[in-house]
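**Student:** Below are the structure tokens for one structure; questions will follow.
The values are calculated or read from the model by the stated rules, or taken from the named source; none is laboratory data. In this text, all values refer to a predicted model and were calculated from it rather than measured experimentally. Backbone-built Cβ (ideal geometry, glycine too); neighbour counts: all protein chains shown. Note: areas computed on protein heavy atoms with side chains; ligands, DNA, RNA excluded. Shrake-Rupley method; radii C 1.70, N 1.55, O 1.52, S 1.80 Å.
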Amino acid sequence: MKTRPDAALLAAGVVLTAAVVAVALPAQAAAAGCSVTYAVSSQWQGGFGADVTVTNLGDPINGWTLTWSFAAGQTVTQWWNGSVRQTGAQVSVTSASFNGNLATGGSAGFGFNGAWTSANPAPASFALNGVACTGATAPTTAPTTAPTPTADGPSTFTNPVVWQDFADGDIIRVGDVYYYSASTMHYSPGAPILRSYDLINWEYAGHSVPRLDFDSSAYDLSGSRAYVKGIWASAFNYRPSNGTYYWLGCTEFNRTYVYTSASIGSGWAKKAKLNTCYYDAGLLFDNDVPYVAYGNGTISVAQLSADLTAQVRAQAVYTTPSSIGTLEGSRMYKRGGYYYIWLTRPANGQYVLRSTSPWGPYEQRQVLLDLPGPISGGGVPHQGGLVQTQNGDWWYMAFTDAFPGGRMPTLAPITWSGDGWPVLQTVNGRWGSSYPRPNLPWHPVAAMTGTDTFTGGTLGPQYEWNHNPDTSKFSVGNGLRLATATVTGDLYNARNTLTRRIQGPSSTATVQLDYSGMTNGDRAGLAMLRDSSAWIGIRKDNGATRVSMTSGLTMSTSGWTTTGTGAEAAGATVSGGKIWLRATANIQPGSGRTATFSYSIDGTTYTTLGPAFPLNSDWRFFMGYRFGIFNYATAALGGAVTVNQFGVTSP
């Protein structure tokens, strides 16, 4: 479900200002023409929502594109009912399949959320399939200064700021908007992007890697598998000179890919493959020159070509002394006359290098070591990156190991010593479980939990598949339809398992499943998915259906091969074609955490099925547990299920 942040803000009563800007553009008499209504429906600090309606006044159109230019640097961040591309100021919206044909006099509408800085005027002109929508432009009353910040919101915040699995983060600010990019290994789409306006409230915004297109069929679960490969710690940044976002990451220790887009939420595409591994890279644009800091133990810096498609120069700049051990997880910054490389000692320390030249020599300081963290039972906050607010303050977003749930983003303030070194602010000798919140306007956003009924044209950014999906075997719009895509007895080999992160410290997933289209041998349901897994779902055999709790699905930690395909722990005969499945998970860090499964035939009364499932808290799989919806065949393809509801709730 794509939740509209502007609607959520209106409902919560926290929209700072609201302006409706209508631009009526009647076409002159011509064989082709159009009129457009563009309305800013809501506006808040750094963001706005808009609704656009285009009416075709010319000949019938089969497939349309509406274009306009933003005059004040606005950017589109999220959209509905169309495919949006933005290059610099130029925006192009292409019809979705369900509104692609426009008869003479016909209209189509779409909406989007955008970001703005000092002004947000409506576009002055539009064009439909290259033909200008000409005519008078109505006066606008859009503000030319930032809206007054709200006084609402708490005075402090609590760590972790996001209690979901988003590790190896890179954090940036573009105008008044903050973005956080994370690793995803074998999940697709990859490199998720979160968005915030106050560093505390975060929402899903998109993915930098639409598909794991990494020159290996293993990412398609075709003949082999890519568990714990794919997207590890990677670099994410924005280049003001061309209005472009960049993602850069090394896969499997031998090649690096570069993806770019003019918009956070759409348009991401592979730009380059470099046959060099920039391991755990950080990306800096210094006077528009791209530099990458990277490495493990030996830290290097590379200068890339202006378009980031080739290496210009590379040089080792620092060798980690044996007294420290290993340093990796590079982030690269420039402050004043110094270059800084931010490095982690996995998984209990953070160090920083400093030099007046990107090529060194670098001096080193310890930032933290064995510092108690803010999550009871969790690890030492480390890795991640630094960001400076528009008010000049600095913050450090690390992550805290908190298995079985994963690695959770954790925030703390940074100050600078008189001689130019970053200093972490602690509370009573530890990373604070609470701090005064950043000096930024309080800005609630779309919740990271909630219930989806799959009525939109695409999956929302909260979803990721286990490996690349077979796109011919699923659809959305009238529920999520999952046709069987694999014949296998092993869930770990099955394509098209759709996952959502688990909200900590505990949460419940509920799925409404229509299983009337299953065929003999099919298995469909809701899994607690990791290297030790269990599920509740429907087994159809010999024309009969039963609800089953199945456990004992396991992988080895050497090569991540399947060591157990599971066995039924409990089951019951069911009929009627519809069932509600539920999993409740406690992912508070530590051993002894469990998940329980239950089902309902009416959506109201639930029956527990099977014993509590012990969650594996070992860190070596890196990714934490997820809720996963699956449907696979053990006999033959042809069956299908429809998921009419997928909700995640927390107490």
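**Student:** Can you tell me which residue within segment 162-171, out of those that are part of a loop (DSSP other than H, G, I, E, B) and among the aliphatic types (A, V, I, L, M), is surrounded by the most Cβ atoms within 10 Å (Cβ to Cβ)?
**Tutor:** Going through segment 162-171, the residues part of a loop (DSSP other than H, G, I, E, B) turn out to be 162-169.
Those left that are additionally among the aliphatic types (A, V, I, L, M): 162, 167.
Working: Val162: 26, Ala167: 22.
If we take residues in segment 162-171 being part of a loop (DSSP other than H, G, I, E, B) and among the aliphatic types (A, V, I, L, M), then Val162 is surrounded by the most Cβ atoms within 10 Å (Cβ to Cβ).
**Student:** Here's another thing I want to ask about it. I'm trying to understand the selection: among the residues of segment 576-595, which are closer than 13 Å to Trp535 by Cβ and open to solvent by 60 Å² or more (accessible area, probe 1.4 Å)? Write out each step before concluding.
**Tutor:** Of all residues in segment 576-595, those closer than 13 Å to Trp535 by Cβ come to 581-583, 585, 595.
Matches in segment 576-595: Arg582 only.
**Student:** Hey, can you tell me all the residues within segment 402-428 that are crowded, with 20+ Cβ neighbours inside 10 Å and of a type in the set (Val, Ile, Thr)?
**Tutor:** Start the filter on segment 402-428 by keeping residues that are crowded, with 20+ Cβ neighbours inside 10 Å, which leaves 402-412, 422.
Correct list: Thr410 only.
**Student:** Are there any pairs with C-beta distances below 6 angstrom linking a residue in segment 417-436 that is over 16 Å from Val387 (Cα atoms) to a residue that is of a type in the set (A, V, I, L, M, F, W, C), with the two at least 6 apart or on different chains, and if so which?
**Tutor:** Ser417/Val423; Trp431/Leu371; Trp431/Ala412
**Student:** Condition (residue is open to solvent by 10 Å² or more (accessible area, probe 1.4 Å) and in contact with a helix residue (DSSP H, G or I) (Cβ under 9 Å, 6 or more places away or on another chain)) applied to segment 498-521: is it met by at least one residue?
**Tutor:** No: segment 498-521 contains no residue that is open to solvent by 10 Å² or more (accessible area, probe 1.4 Å) and in contact with a helix residue (DSSP H, G or I) (Cβ under 9 Å, 6 or more places away or on another chain).
**Student:** A further question follows. Search segment 80-99 for residues that are within 11 Å of Trp68 (Cβ to Cβ) and open to solvent by 40 Å² or more (accessible area, probe 1.4 Å) and pair each with any residue that is of a type in the set (Ser, Thr, Tyr) and modelled with pLDDT of 80 or more when their beta-carbon atoms are under 8 Å apart and the residues are at least 6 apart or on different chains.
**Tutor:** Taking only residues 6 or more apart or on different chains, the pairs are Ala89/Ser69; Gln90/Thr67; Gln90/Ser69.
**Student:** Do you know which residues across segment 284-302 are farther than 24 Å from Arg173 by Cβ and either open to solvent by 40 Å² or more (accessible area, probe 1.4 Å) or among the hydroxyl-bearing types (Ser, Thr, Tyr) (or both)? Full working, then the answer.
**Tutor:** Filtering segment 284-302 for residues farther than 24 Å from Arg173 by Cβ gives 295-300, 302.
If the condition is that a residue be farther than 24 Å from Arg173 by Cβ and either open to solvent by 40 Å² or more (accessible area, probe 1.4 Å) or among the hydroxyl-bearing types (Ser, Thr, Tyr) (or both), then Asn296, Thr298, Ser300 are the ones that fit.
**Student:** Search segment 608-621 for residues that are open to solvent by 40 Å² or more (accessible area, probe 1.4 Å) and pair each with any residue that is in a loop (DSSP other than H, G, I, E, B) and among the β-branched types (Val, Ile, Thr) when their beta-carbon atoms are under 7 Å apart and the residues are at least 6 apart or on different chains.
**Tutor:** Partner pairs satisfying both residue conditions: Arg620/Thr557.
**Student:** Another question, then. Consider segment 606-651. How many of its residues are assigned to a loop (DSSP other than H, G, I, E, B) and farther than 27 Å from Thr519 by Cα? Reasoning before the result, please.
**Tutor:** Restricting attention to segment 606-651, the residues satisfying the condition of being assigned to a loop (DSSP other than H, G, I, E, B) are 606, 609-612, 615-625, 634-639, 650-651.
Narrowing the set further to residues that are farther than 27 Å from Thr519 by Cα leaves 611-612, 615-625, 650-651.
The qualifying residues number 15.
**Student:** Show the residue pairs that are 6+ apart or on different chains and have beta-carbon atoms under 9 Å apart, the first residue being within segment 190-216 and over 13 Å from Ile171 (Cβ atoms) and free of Cβ contacts under 8 Å to residues at least 40 places away in the same chain, the second being open to solvent by 10 Å² or more (accessible area, probe 1.4 Å) and outside any strand (DSSP E or B).
**Tutor:** Cβ pairs passing all conditions: Ser216/Ser224; Ser216/Lys229; Ser216/Glu252.
**Student:** Do you know which residues across segment 430-472 are part of a strand (DSSP E or B), touching a strand residue (DSSP E or B) at 6+ places or on another chain (Cβ under 8 Å) and open to solvent by 30 Å² or more (accessible area, probe 1.4 Å)?
**Tutor:** At the first step, the residues of segment 430-472 found to be part of a strand (DSSP E or B) are 430, 434-436, 450-452, 464-466.
Okay, now just the ones that are also touching a strand residue (DSSP E or B) at 6+ places or on another chain (Cβ under 8 Å), so 434-436, 450-452, 464-466.
Ser434, Pro436, Thr451 - these are the residues of segment 430-472 that are part of a strand (DSSP E or B), touching a strand residue (DSSP E or B) at 6+ places or on another chain (Cβ under 8 Å) and open to solvent by 30 Å² or more (accessible area, probe 1.4 Å).
**Student:** Would you mind stating whether Asp213 is at negative phi, open to solvent by 10 Å² or more (accessible area, probe 1.4 Å), touching an Asp or Glu at 6+ places or on another chain (Cβ under 9 Å) and modelled with pLDDT of 95 or more?
**Tutor:** On the way: at negative phi: yes; open to solvent by 10 Å² or more (accessible area, probe 1.4 Å): yes; touching an Asp or Glu at 6+ places or on another chain (Cβ under 9 Å): no; modelled with pLDDT of 95 or more: yes.
So Asp213 fails the test.
**Student:** What number of residues in segment 106-128 are modelled with pLDDT under 80 and not aliphatic (A, V, I, L, M)?
**Tutor:** Number of matching residues: 11.
**Student:** Let me ask something else about it. Only one of these is of a type in the set (A, V, I, L, M, F, W, C), modelled with pLDDT of 95 or more and under 30 Å from Asp393 (Cα atoms): Leu440, Leu482. Name it. Walk me through it before giving the result.
**Tutor:** Details: Leu482 fails: under 30 Å from Asp393 (Cα atoms).
After applying the criteria, what remains is Leu440.
Residues are listed down the side, and each one gets a yes or a no for (1) surrounded by 20 or more Cβ atoms within 10 Å (Cβ to Cβ); (2) modelled with pLDDT under 95; (3) more than 24 Å from Ile171 (Cβ to Cβ):
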| position | (1), (2), (3) |
| --- | --- |
| Ser323 | no, no, yes |
| Ser330 | yes, no, no |
| Tyr338 | no, no, no |
| Gly378 | yes, no, no |
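**Student:** Next question. Can we say Ala570 is in a strand (DSSP E or B), under 27 Å from the mean Cα position of the chain (by Cα), at pLDDT 95 or above and farther than 18 Å from Thr497 by Cα? Steps first, please.
**Tutor:** Working: in a strand (DSSP E or B): yes; under 27 Å from the mean Cα position of the chain (by Cα): no; at pLDDT 95 or above: yes; farther than 18 Å from Thr497 by Cα: yes.
It is false that Ala570 is in a strand (DSSP E or B), under 27 Å from the mean Cα position of the chain (by Cα), at pLDDT 95 or above and farther than 18 Å from Thr497 by Cα.
**Student:** Are any of the residues in segment 275-283 of a type outside the set (D, E, K, R) and without any contact (Cβ under 8 Å) to a residue 24 or more places away in the chain?
**Tutor:** Checking segment 275-283: at least one residue is of a type outside the set (D, E, K, R) and without any contact (Cβ under 8 Å) to a residue 24 or more places away in the chain.
**Student:** Identify the residue in segment 64-84 that is assigned to a strand (DSSP E or B) and at pLDDT below 80 and, among all such residues, is farthest from the chain's Cα centre (by Cα). Write out each step before concluding.
**Tutor:** Taking segment 64-84 and keeping what is assigned to a strand (DSSP E or B), we get 65-69, 75-80, 82-84.
Add one more test, that the residue is at pLDDT below 80, and what stays is 77-80, 82-84.
Numbers: Thr77: 13, Gln78: 13, Trp79: 15, Trp80: 17, Gly82: 20, Ser83: 18, Val84: 18 Å.
Among those residues, the one meeting the criterion is Gly82.
**Student:** Another question, if that's okay. Within segment 136-157, is there a residue that is farther than 30 Å from Ile61 by Cβ, at pLDDT 95 or above and open to solvent by less than 10 Å² (accessible area, probe 1.4 Å)?
**Tutor:** yes
**Student:** Would you please name the residue that is nearest to Val209 (Cα to Cα), looking only at residues in segment 172-190 that are hydrophobic (A, V, I, L, M, F, W, C) and open to solvent by 10 Å² or more (accessible area, probe 1.4 Å)? Talk me through it step by step, then tell me what you get.
**Tutor:** Going through segment 172-190, the residues hydrophobic (A, V, I, L, M, F, W, C) turn out to be 172, 174, 177, 182, 185.
Applying the additional criterion that residues be open to solvent by 10 Å² or more (accessible area, probe 1.4 Å) yields 172, 174.
Numbers: Ile172: 18, Val174: 20 Å.
Checking each candidate, the answer is Ile172.
**Student:** Same structure, new question: Kindly provide the set of residues from segment 247-266 that are over 15 Å from Ser183 (Cα atoms) and assigned to a strand (DSSP E or B), ordered by number.
**Tutor:** Arg255, Thr260, Ser261
**Student:** Against the condition under 24 Å from Trp342 (Cα atoms) and within 25 Å of the chain's Cα centre (by Cα), how does Ala412 come out, does it pass?
**Tutor:** Numbers: under 24 Å from Trp342 (Cα atoms): yes; within 25 Å of the chain's Cα centre (by Cα): yes.
Spelling it out, Ala412 is indeed under 24 Å from Trp342 (Cα atoms) and within 25 Å of the chain's Cα centre (by Cα).
**Student:** Also: Give the residue that is modelled with the lowest pLDDT, with candidates limited to residues of segment 46-63 that are open to solvent by 10 Å² or more (accessible area, probe 1.4 Å) and in contact with a strand residue (DSSP E or B) (Cβ under 9 Å, 6 or more places away or on another chain).
**Tutor:** Restricting attention to segment 46-63, the residues satisfying the condition of being open to solvent by 10 Å² or more (accessible area, probe 1.4 Å) are 51, 53, 55, 57, 59-63.
Next, from what is left, pick out any that are in contact with a strand residue (DSSP E or B) (Cβ under 9 Å, 6 or more places away or on another chain): 51, 53, 55, 57, 60-63.
Numbers: Asp51: 71, Thr53: 78, Thr55: 83, Leu57: 83, Pro60: 86, Ile61: 84, Asn62: 82, Gly63: 83.
Across segment 46-63, the extreme among qualifying residues is Asp51.
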